[in-house]
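Let me begin by presenting the structure, written as C-alpha cells, before commenting on it.
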Amino acid sequence: MQAVEGAVIACAGLGSRLGMGLPKCLIEVDGRTILSRLIETLESRVSRIHVVIGYREEMVAEYCARHHRDVILIRNPRFRETNTAYSISLGSAGFLSKVLYLDGDLIIDELSLAGFVEKAASVRTLVGVTQAKSENAVFAEISSRMQGEMEISAFGRGLDSSYEWANVFSGPPLRLEEASGYVYQALESQLPLPACLLDLHEVDTPGDLMAAEEFMSKRARRE
C-alpha cells in the first residue's frame, strides 16, 4: 500500500460556460468558496497541496495568501491555449509518489472524499465516478467486480450509463505536457481501472451551480 503524498487542484481554466468572470474555484456555495472546501477537506489527509492557477491568477493568489498560506501555487501562463491535463502536469512537479488530482470546480462531500483518499492507498490508480447529473457529463461505463468493487471499462459522452467521470483520480505523478485531449482521454489507454463512487457536484454551468447549491442546502437541513 502507498498513501497519497499530495494533491493537485486545477484552477487555471476560464470558466467560460459559467460566465461569472472569475475563477470557478472562488465561487461561493452556501457561504464558502469551492476552493476553501476542497483545501480544508484535504489538508489533514495529504502532506502538500498544489493549486494550479491561470485565469485571473492574482485573485486566487491573493485569496490563498489570506486564507490558505500553506498551499503551493503553480502558474499555468498558457491557460488560454491548454487544458486541465496540462495544468495537472505542471502541478505534478516535485511529487515523487502517489498524487490526488481534482478539478477546482467540485463540491465534494467530505466523508466521500476521505473514503476515496483511503481507498487510493490500496491501488496504483483510482478513478472517481459519481451519479450522472452534470449538464456536460462524460459518462463512465462501469462493470462490477468481486466483493462489490467497481471498475471503469470506457468513457464517452454518448454512453448509456448512470455514472459520469468525476474529474478526480489518484495515481503516480503525471507528465502530460504535450497532452492535447482531456484528462479522461489520457486515462483511456490504462482502462479498465478501479473506480470509486463519490458524492459530488461539478460546477461548470449555471444549471450545475443551482444543483450544487441545492445539494448543500439539503445537507444543511439533514444536519
- Can you pull out the residues in the stretch 18-44 that are in a loop (DSSP other than H, G, I, E, B) and surrounded by fewer than 16 Cβ atoms within 10 Å (Cβ to Cβ)? G19, M20, G21, L22, D30, G31, E43, S44
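Which one of these is closer than 16 Å to L14 by Cα and touching a residue at least 24 places away in the same chain (Cβ under 8 Å): F79, F95?
Details: F95 fails: closer than 16 Å to L14 by Cα.
After ruling out the rest, the residue left standing is F79.
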- Item | Count of residues meeting criterion [over 13 Å from G104 (Cβ atoms) and at pLDDT below 90] in the stretch 15-28 | 5
- Task: Go through (1) at pLDDT 90 or above; (2) of a type outside the set (D, E); (3) surrounded by 14 or more Cβ atoms within 10 Å (Cβ to Cβ) one by one and return the number of the condition G94 breaks.
- Result: (3)
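The values are calculated or read from the model by the stated rules, or taken from the named source; none is laboratory data. If you're wondering where the values come from, they're calculated on a predicted model, not measured in any experiment. Glycine also receives a Cβ, built like all others from the backbone with ideal geometry; neighbour counts cover every protein chain displayed.
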